[in-house]
Amino acid sequence: MSENSGASFVTVRGQAISLETQTESLLSRYSSFAQTTSSEQSGKEKKLDTQIENTLQKRQEIIDDLNDICSKNPSISASKLSQLQRHKEVLQEHRKNFQNIRSSIQQERNRLNLLFSVKNDIAQHNSNTNINDEDEYMQNEARRIDQSHNVVDRLISQAWETRDHFTAQNTVLSNVNNKTLQVLQRIPGLNHLLGKINTRRKKNAVILSTVMTLCILFLYFTW
């Protein structure tokens, strides 16, 4: 019976050794995703993750079987108990490595997603800033155009007012001329009197000019 128990232990332990080797290979492949992490979990990564979990679960079941064999056989050798303990330690070590690799992948994925989110926020901010700058520029240009239009309107208004003043002054002068002509026509002798006054003024101007010329010549030749 002891030999049967020993054979069963060896057979089950062989399965444990095979799964340990398989787990090491899977963990080596799984660690490559920590070096080339993507922003989302790929199908290959997810499949490998599930495969490692299933393998570790199978190993736990095999260790439980080895425990049952040892517990049912009081005469089990110390070397077999030591082998069982070693399988337990290796399983814990592989589980720990698996969790560490999974954590590293997740941390790197979170970092990439954070960088991507920050880049998107910066791009969105720059886009909003450019839009705001364009809006502000257009508003400033619109204000400058409105101001220019207001200046032109004031200049046109002043020009119209000046033209109206000139027109009013022309009307006043025309009325004065008309009234003067009417007065002159009503008083026949007034035109003759004004003509004599103008003639007298012209004579006085000629006499004054002659005297001033003679005085200048006298001063020039006697100096």
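Does the range 143-158 contain any residue that is small (Gly, Ala, Ser) and in the same structural domain as residue 20 (by TED's automatic domain parsing)?
Scanning the range 143-158, I find no residue that is small (Gly, Ala, Ser) and in the same structural domain as residue 20 (by TED's automatic domain parsing), so the answer is no.
Answer with yes or no whether residue 97 is out of contact with any Cys (no Cβ under 6 Å at 6 or more places or on another chain), in the same structural domain as residue 34 (by TED's automatic domain parsing) and surrounded by 12 or more Cβ atoms within 10 Å (Cβ to Cβ).
yes
Please state which of the following conditions residue 88 fails to meet, knowing it meets all the rest: (1) within 21 Å of residue 9 (Cβ to Cβ); (2) modelled with pLDDT under 95; (3) in a helix (DSSP H, G or I); (4) touching a helix residue (DSSP H, G or I) at 6+ places or on another chain (Cβ under 8 Å).
(2)
The values are calculated or read from the model by the stated rules, or taken from the named source; none is laboratory data. Please read all numbers here as calculations on a predicted model, not as lab measurements. Every residue, glycine as well, gets a Cβ built from its backbone with ideal geometry; the counts of neighbours run over all protein chains shown.
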